[in-house]
Amino acid sequence: MTLDALITDGQAWFAAALPDHGIYALMAFAFIAGLARGFSGFGAALIFIPLGGAIIGPKLASPILLVIDGIATLGMIPPAWRNANRPEVFVMAAGAALGVPAGTAMLALLDPTLLRWSITIIAISLLALLVSGWRYHGAPSAPLSSGVGLIAGLFSGAAQLGGPPVVAYWLGGKSDFTRVRANVVLYFSISTIFSAISYYVGGLLVPAVFALTAVILPSYALGLYGGSKLFGLAEERTFRIACYVLIAAAAIIGMPLLDGVLR
């Protein structure tokens, strides 16, 4: 086969793998999700999964976010490794190793509409947890850390929504926001590996995931960069409120009842 034929076949494969609508909306959602992730270390899934799932379904939206986030956040791992409390992160990741495969099975087997309603309910519940200001104020312990990791892993496997339980647990301790952010980034770099393996085994890494990743990744990376810069410049409380508003809007607009809004 000639080089021209290979290029033609590649272009045909790429075009066939892309959805016939919603590309620009997905790029915009990815940028906003990247802003939240870059600033706080979490929040991308709470924005992208409900909105992206309304356009392409959660069985595509979740693995796409897994891949673009895994690639785009590679540069955040070295400073997170230096600043994180690594023993705590590893204990929590051990719990995630059990939770992620169970969540992935739910993503692969549940009806898409039922899964989207479940994601909406979980996203709103987790947002309420964050907004309430509730934090775990006790001393971290290995059993409790691994239990939080198990729950977060379940949410991550099902919809990449594992951030809020982890944040609520770590923010209540004596660590400052910089340490918490480093913990979260390092934890998710590890849980991403678990999710990638589980998604591969579950047959969720289909061609459309990689085609859409190529299209969406630049927008997400740009948002991630902007959010990282805002981390050192913006008022923490102001940006948190903005993230909460975006998450609430994403959860509501992403409900199956409102599909016409995004189509």
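A short reminder: the numbers here are calculations on the coordinates, not readings from a lab. Owing to the predicted nature of the structure, the values given are computational and were not obtained by experimental measurement. Glycine also receives a Cβ, built like all others from the backbone with ideal geometry; neighbour counts cover every protein chain displayed.
Summary table
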item	result
Mean Cβ neighbour count within 10 Å, used as a protection proxy, ranking 108-119, 186-197, 141-152 highest first	186-197, 141-152, 108-119
Derived scalar couplings ³J(HN,Hα) [segment 57-62; Karplus, 6.51 cos²θ - 1.76 cosθ + 1.60; whole Hz; x for Gly, Pro]	x, x, 6, 9, 4, 5
Simple label model, 7 Å out from Cα along Cβ direction - Ile241 to Phe210, nm	4.6 nm
